[in-house]
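Working notes, beginning with the structure itself.
Coordinate-derived values only; no laboratory data. Being a predicted model, the structure only gives us computed values, none of them experimental. Here Cβ is always computed from backbone atoms with ideal geometry, including for glycine, and neighbour counts include all displayed protein chains.
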Amino acid sequence: MTGLAQYAILFGLTIGTLGFILCVYALARAIGRARAEPAKDVPATGGTLSRDPVWVRYHVRYYGYALLFLAFDMEMAFMYPWSVVYRQEGLVALLDMGVFLAILFLGLLYGWSQGALRRQ
């Protein structure tokens, strides 16, 4: 199969998928009806008005939790592809992942020493 044929198949699948999505959306709009309810516009409080403002500021202490979450989320994002190619690459891949995990572990130790994991 030539490269042009592969691109034609990819283009056809993309057009077919977009067409399917648009048809399902149009069908849902045609069959379903929207009901106007006053509680639908109230944000995330189960239909009752909130005493507090909707846009609240979070305390700066949650910044550390967010950074730790992102660090370990990135770890998982890199470990999945690494586990696929580990057998082909061998020891080099193992050493690379070891360095990557060591850097993340040092970041965890730093956050721990700064009190980022303490409950407040």
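Would you please give the FRET efficiency between Trp112 and Leu91, computed as 1/(1 + (r/R0)^6) with r the Cβ-Cβ distance and R0 = 41 Å, to the nearest 0.05?
The formula returns an efficiency of 0.85 here.
In percent, what relative contact order does the chain have, based on Cα pairs under 8 Å that are 6 or more apart in sequence?
Over the chain, the number comes to 19 percent.
Which label marks the calculated value of Cα Rg over 2.2 N^0.38 Å, given the options [x] 1.18; [y] 1.29; [z] 1.84?
The listed entry that was calculated here is [z].
Under the Karplus relation 6.51 cos²θ - 1.76 cosθ + 1.60, θ = phi - 60°, what is the ordered set of whole-Hz ³J(HN,Hα) values for the stretch 108-118, x standing for Gly and Pro?
Coupling constants for the stretch 108-118: 5, 4, 5, x, 5, 5, 8, x, 5, 9, 6 Hz.
If you plug each phi of the stretch 80-97 into the Karplus form 6.51 cos²θ - 1.76 cosθ + 1.60 with θ = phi - 60°, what whole-Hz ³J(HN,Hα) values come out, in order, with x for Gly and Pro?
5, x, 4, 5, 6, 9, 4, 5, 6, 7, x, 5, 4, 5, 5, 5, 4, 5
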